[in-house]
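This report concerns only the one structure given below.
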Amino acid sequence: MLAVLADQQRRRILQHLETSFDDRVSVSRLARAVAEMSTTTKTGDKVERAAIRLRHVHLPKLAEAGLVDYDPNSRSVRYRQCADAEAVLQIASDRFK
């Protein structure tokens with residue numbers, strides 16, 4: 001779990017999902033949220049690049065670690081609450097403010 005949470009982008013994804021009011025979030029909606037957090041790419045490319053990285057890198061890793069339910073067919077994501085992950089996210093949040 002620590003290896004998965006070592007990536008700043010995955011921590012941001014989980015923090016976004018944790019604070020979402022919806023039980024399930026579409027990958028496209030999550031990609032827009034991730035793109036808004038990013039400052040490294042041009043505006044037009046942000047959402048598309050974020051969606052690609054979510055589908056092919058971040059969501060499969062988070063699902064494998066048991067932190068999200070990811071359905072590639074419906075392209076939806078559900079956060080799975082995990083006390084250990086939330087503790088790590090809180091420590092990282094406090095540490096890197």
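General remarks:
- Dipole magnitude of segment 2-95, debye to nearest 20 (Cβ charges: Lys/Arg +1, Asp/Glu -1, about Cα centre): 380 debye
- Selected from Ser28, Ser74, Ser20 as most flexible by GNM, with the chain as the system and alpha-carbon contacts under 10 Å: Ser74
- Its Cα centre serving as origin, segment 55-97 has a Cβ charge dipole (Lys and Arg +1, Asp and Glu -1) of approximately 200 debye.
- Overall Cα dimensions of the chain - principal axes, largest extent first, Å: 35, 31, 25
- Helix-only mean residue ellipticity at 222 nm for the chain, each DSSP H run of n ≥ 4 adding -39500 (n - 2.57), per residue, nearest 500: -17000 deg cm²/dmol
- Calculated from backbone phi, Karplus (6.51, -1.76, 1.60) coupling profile of segment 65-77 in Hz, x at Gly/Pro: 7, x, 8, 9, 9, 10, 10, x, 5, 8, 6, 10, 10
Read the figures in this text as sums done on the coordinates, not as results from a lab. A quick note: this is a predicted structure, and the numbers were derived from the prediction, not measured. Note that each Cβ is placed from the backbone with ideal geometry, even for glycine, and that neighbours are counted across all protein chains shown.
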